[in-house]
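The values are calculated or read from the model by the stated rules, or taken from the named source; none is laboratory data. Only a predicted model underlies this, so the values are computations on that prediction, with no experimental measurement involved. Quick reminder, even Gly has a Cβ in these numbers, built from the backbone with ideal geometry, and neighbours come from all protein chains shown. SASA here: full protein model, heavy atoms, side chains in, ligands and nucleic acids out. Shrake-Rupley method; radii C 1.70, N 1.55, O 1.52, S 1.80 Å.
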Amino acid sequence: MDFSQIIPSLPSLWDGMKLTLQLLLLAVAGGIALGTVLALARMSNSALLSGFAKAYVNYFRSIPLLLVITWFYLAVPMILNWITGEFVAVGAFTSCLVAFVMFEAAYYCEIVRAGIQSISKGQINAAYAVGMTYSQAMRLIILPQAFRKMTPLLLQQTIILFQDTSLVYAVGLIDFLNAARARGDIMGQSHEFLIFAGAVYFVISFGASSLVKRLQKRLAV
Amino acid sequence: MSMIEIKNVSKWYGDFQVLTDCTTDVKKGEVVVVCGPSGSGKSTLIKTVNALEPFQKGDIIVDGISVGDPKTDLPKLRARIGMVFQNFELFPHLSITENLTIAQQRVLGRSKDEAMQKGMHYLDRVGLKAQANKFPGQLSGGQQQRVAIARALAMDPIAMLFDEPTSALDPEMVNEVLDVMVELAHEGMTMMCVTHEMGFARKVANRVIFMDRGAIVEDCEKEEFFGNIDARSERARQFLSKILAH
Ligand SMILES: Nc1ncnc2c1ncn2[C@@H]1O[C@H](COP(=O)(O)OP(=O)(O)OP(=O)(O)O)[C@@H](O)[C@H]1O
Ligand SMILES: [Mg+2]
């Protein structure tokens, strides 16, 4: 084992990590936003909306993420082409981001739904009673309380997503794992670089998990 | 003049009829107490008044506006009716001040200063000005319920609905809430109160309604209700003897 080339390679590994984190942050923000919309649709009185949301969630939870990533890589440019009528170049990053947002939204939807359902009916009644509309009651009263309660679960899902971002190698994006692999090949230290990458994933994920557990205990009090 | 007119209201949960042909009214400045055994439909009836519970038959007219009419702007109507719940239902993620001002600002469109001024005025009236910057979880039950009353009053309601406002409270806190309600009644507020506090009913009610199995069984002047027990229905007498024995 020879780890000597890792230190000189740190700048290019960091470039990969930057892509990973960028993708993660955007996917989490988009996924939670779309997931919240889906959760509200799922719980709405309209059979059409709630049926659609239910089907969406069931569908995306039943197919592999890798499939979604590769499929969107091919489909997003085609769909945009079809809508705008002209050829639009969509980078792998954008198509991956769309894939992650749409896939993760299915999982975030279920978390958000459970969070909203954990808020008592009395709270929505109280919000209505002071004259709030449905949207005001949700935005000002229910969602802020629900998000507080579900923070640990949202973070847990985000840690899973952090690991899943490595799947973007399938469409050639240079994320942290892919950078480590490419660099290791060039330096002739493939094993060492992969071991190092594994250690980095472990430290970040495990550290974040421990933080979540502590947060969970604090919120439970 | 009737402020709240309930006309032949019936409501079903599936096959189960919760409200059967309920008719009554609350005049401007009147205090009406609603009582009855558990499950008789008191909460359901009072919640139909501000459309928190929909109903399938009949209509309710609040200050000339039909609650049952699908064209009625319900949020706007609700903003004019104050409601106080059994479990207080303050917004736990907001400070007492924010609890008092949020609907004034977001629903009535008042400025922050105006909402603050109004909120503090009512918080002072329920004797809790010192708690303005705390959160609901830091207050006792009785204090929370008084804040809930202040929150409703800050909207300048034309009537107030109370659903068992003291039944979730420790006994030593019941009076601090009842005192606020008595004062409100004396000032001429129109009030519909679900409560088993017969002392309160004796002191300030104009009329008492007794409900049983979803129907209004008794609806009479307070003097008649308490003064002429023999003329009451069997169920009402049973109920009264049970709660007055306590
Ligand atoms: N969502 C619901 N679905 C079915 N039945 C319901 C529902 N809500 C209430 N009920 C039933 O309707 C009846 C009336 O309930 P309600 O809460 O109005 O009674 P109440 O007189 O306020 O009783 P309490 O004194 O216990 O508060 C009860 O039998 C109750 O079980
Ligand atoms: Mg009740």
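See the values below:
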| quantity | calculated |
| --- | --- |
| Accessible surface of segment B:102-238 [probe 1.4 Å, protein heavy atoms]: carbon and sulfur percent | 43 |
| Ratio of the Cα radius of gyration of segment B:1-107 to 2.2 N^0.38 Å, where N counts its residues | 1.17 |
| Stokes-Einstein diffusion coefficient of chain B, Kirkwood radius over Cα pairs, 4 °C, 1.567 mPa s, in µm²/s | 70 |
| Largest-first ordering by accessible area, 1.4 Å probe, given options B:Met189, A:Met43 | A:Met43, B:Met189 |
| Protection proxy ranking, peptides A:17-26, B:162-171, A:101-110, average beta carbon neighbours within 10 Å, highest first | A:101-110, B:162-171, A:17-26 |
| Estimated 222 nm signal from helices in chain A, with DSSP H stretches of n ≥ 4 weighted -39500 (n - 2.57), rounded to 500 | -27000 deg cm²/dmol |
| Average beta-carbon neighbours from other chains, 10 Å sphere, peptide A:71-82 | 0 |
| Interface A:B - total buried accessible surface [probe 1.4 Å, Å², rounded to 100] | 1600 |
| Cβ-defined net charge surrounding A:Phe93, 14 Å radius [Lys, Arg +1; Asp, Glu -1] | -1 |
| Whole-Hz ³J(HN,Hα) from phi, Karplus 6.51 cos²θ - 1.76 cosθ + 1.60, for segment A:131-136, glycine and proline x | x, 6, 7, 3, 5, 5 |
| Number of partner chain Cβ atoms within 10 Å, mean per residue of A:88-95 | 0 |
| Using θ = phi - 60° and Karplus 6.51 cos²θ - 1.76 cosθ + 1.60, couplings along segment B:122-138 (whole Hz; Gly, Pro as x) | 6, 5, 5, 5, 8, x, 10, 4, 5, 9, 3, 9, 7, 10, x, x, 8 |
| Exceeding the 23 Å Cα-Cα cut-off - candidates B:Lys222/B:Lys242; B:Lys28/B:Lys222; B:Lys11/B:Lys203 | B:Lys11/B:Lys203 |
| Size of electric dipole in chain B: Cβ of Lys, Arg +1 and of Asp, Glu -1, about Cα centre, debye, nearest 20 | 460 |
| Segment A:34-63: trypsin sites (Lys or Arg not before Pro) in DSSP loop, at most 15 other beta carbons within 10 Å | A:Arg61 |
| Residues with amide H under 5 Å from that of B:Ala215, placed H, sequence gap 5 or more | B:Thr20 |
| Descending semi-axes in whole angstrom, ellipsoid equivalent of segment A:1-160, from the Cα gyration tensor | 35, 23, 14 |
| Projected area averaged over orientations for segment B:90-157, convex hull of C-alpha atoms, nm² | 3.9 |
| Largest-first ordering by accessible area, 1.4 Å probe, given options B:His186, B:His121 | B:His186, B:His121 |
| For residues of B:146-156, the mean tally of beta carbons on other chains within 10 Å | 1 |
| Solvent-accessible area per residue, Å², over segment B:118-246 with all protein chains present [probe radius 1.4 Å] | 43 |
| Kirkwood Rh in Å, taken over segment B:66-205 so that all alpha-carbon pairs contribute | 15.4 |
| If the convex hull is drawn through the Cα atoms of segment A:95-208, its volume per residue in Å³ | 103 |
| Neighbourhood charge, 14 Å Cβ-Cβ cut-off, centred on B:Asp21 and excluding it, Lys, Arg +1 and Asp, Glu -1 | +1 |
| In nm, spacing of pseudo-spin labels at A:Gln216 and B:Asn228 (7 Å Cα→C-beta vector) | 6.6 |
| Two-decimal Rg/Rh across the protein assembly as shown, once Rg and the Kirkwood Rh are taken from alpha-carbon atoms | 1.13 |
| Most to least packed among A:131-141, A:195-205, B:141-151 [average Cβ atoms within 10 Å] | B:141-151, A:131-141, A:195-205 |
| Protection-proxy order for peptides B:44-52, B:130-138, each taking the mean of Cβ atoms within 10 Å per residue, highest first | B:44-52, B:130-138 |
| Fraction of antiparallel bridges per DSSP, the protein assembly as shown only, in percent to nearest 5 | 55 |
| Sequence-distant residues sharing a close amide H with B:Met83 (under 5 Å, placed H) | B:Leu161 |
